[in-house]
1. How big is the gap, in Å, between the Cα center of region 141-201 and the Cα center of region 296-347?
2. Figure the gain on full extension for Ala449 and Val63 (residue separation times 0.36 nm, minus the Cα-Cα span) and round it to one decimal in nm.
3. To the nearest 10 degrees, how steep is helix 43-59 against the longest Cα principal axis of the chain, on a 0 to 90 scale?
4. With everything on Cα atoms, drop me the angle between helix 253-270 and the longest principal axis of the chain, reported from 0 to 90° to the nearest 10.
5. Quick one: how many lysine pairs in the chain have C-alpha atoms under 21 angstrom apart, if they're 8 or more apart or on different chains?
6. What is the extension gain from Glu50 to Ser106, computed as 0.36 nm multiplied by their sequence separation minus the C-alpha to C-alpha distance, in nm to one decimal?
7. Starting from the Cα of Ser302, step 7 Å toward the Cβ, then list every residue of region 337-362 with an amide N under 19 Å from that point.
8. Return the FRET efficiency for the residue pair Thr324, His346: r is the Cβ-Cβ distance, R0 is 22 Å, and the value is rounded to the nearest 0.05.
Amino acid sequence: MAQKRTTTEGRAAAGAVERKVLVRKPGRAASASEPGRERLMSPLQRSRLERRGTLEAITGNGVISACVMILAAVAAVICANTDLYYPLHEWFAQPVTIAIGGWEFSLTFELFVNDFLMAIFFLLVGIELKYEMTVGELRQPRQALLPMLAAVGGVVLPAAIYVVVNRGGAVYGWAIPMATDIAFALGVLSLLGSRVPPALKVFFSTLAIADDLLAIAAIALFYGHAPQLGWLAAAALVTAGLVFLNRRRFFGVAPYLTLGLVLWFCLFQSGVHATLAGVILAFTIPARSDINARALVSWVESKLPDLDERFDAEAHILGQHDFTHAVTRVERVMHRVTPPLQRLEHRIAAPVNFIILPLFAFVNAQVRLVGVDMLALAVDPVAVGVYLGMLLGKTFGILGVTYLMVRAGLAELPKGVGWRHIAGIGILGGIGFTMSILIAGLAFTEIPAELLAAKTAILAGSVSAAVIGLAFMAFACRGDGPREEEEATAPGDAQAHDAPVAGAAAE
């Protein structure tokens, strides 16, 4: 996930502030005896700022966050096959309760992780998708259409393979192999570094997001409880309130988060999987700034003489009320330059990647194999259907639909992307840890043996897809990149379709 986007105007304004602070009043010469006027901050503060930047670089690294989640999953499997298994499951069943006066709301710790914390994860997913639809590759409708329809192929074919393998049996788990784990898959892809074409990362992110949205729709329609129409109506009203805030140009984050919590509660009570609230919330938070960026630099420059006039180098900062009040006004404006959507992303990205997803992995990867007949498990139709659906269904579903769309002239491959890249993405699409385990838990709540088979196949399929996909993508991305003639043509096409397509920016 992108975590440190800043506007060009904001950077220019920051630079202008730093330059103008050093301007002297007429007749006041700079000298070495005025170190406070030559430095913006002390060496200690500068060192702290540098350490903070290093920490942000670490928490913003997709490879590191993916490794943390993998370690959490490995730890879960180890704990599940030791004496820790039973006390852990007792702990997961402990209630998390919120009580206000006589009102009380309670859910187990496992549900708290799977339904509430994962809604925050899907909020981050929705933010990233909205960013790409606003200023990224997805501004072009035809380019957005291609990965989304490829996701449909990557959902339908795995489900079909599962149903064929399990015909007459546990067909209720048909949705298990259809989801791609965004964090795992992008973490594996990021291991290849700059060799991966940027447009391919956007394509894969969009595909995985659409894939997860389809999985959420499947959960809502086929794996939820009987819908409670009253709570669904309440959720619709809350969503209308969020849209109203957006249209009326409310740029504070707090009102959106408050209504987002209410929306989550309504969806949770309605029987629809509550993680959908995160996606809805993301698409209603403004992606614009309420500050005119074009006028920002000149406005800041106009304030600098006043700040310089009010500042007294001889007095303690606590006593300079006029100066601090003037600075506070500038700070308030500068804070509002960053759009609410981006401010929220900065706040939740690290907690999601380093707390929520590892916690989900640890809670849900409890696969206990002690005393299990491994041969019987390997040939269990549920395990076979899930494994083949993840490896074969994803690969050929994504590649097949993409090929048909390009051959029919309905879409173009992204710039710098060839067919071997699409094949590699299809393989990596089989990494389906997060949503797949979530669906397995819903599909086989009352059938522990089938749940074990499904979770085992999910772990095996995800590992296989990661290893094979990484090796294949290393081959696909070798050298300086794809040949020019591969970038936008299907196999056998005579020429590329390079006509530009106008895009519409999202609000």
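1. Comparing the Cα centres of region 141-201 and region 296-347, I get a distance of 47 Å.
2. Answer, rounded to one decimal: 135.6 nm.
3. In the chain, helix 43-59 runs at an angle near 20 degrees to the longest axis.
4. Taking Cα atoms only, the helix is inclined about 20 degrees.
5. 9
6. Details: separation 56, 0.36 × 56 = 20.16 nm, distance 4.27 nm.
Here the segment from Glu50 to Ser106 would lengthen by 15.9 nm.
7. 337
8. Numbers: r = 26 Å, r/R0 = 1.17.
After rounding to 0.05, the efficiency reads 0.30.
The values are calculated or read from the model by the stated rules, or taken from the named source; none is laboratory data. Quantities reported herein were computed from a predicted structural model and do not represent experimental measurements. Positions of Cβ are backbone-derived with ideal geometry, glycine not excepted, and every protein chain shown enters the neighbour counts. Just so you know, the surface numbers come from the protein's heavy atoms only, side chains and all, with ligands and any DNA or RNA stripped out. Shrake-Rupley method; radii C 1.70, N 1.55, O 1.52, S 1.80 Å.
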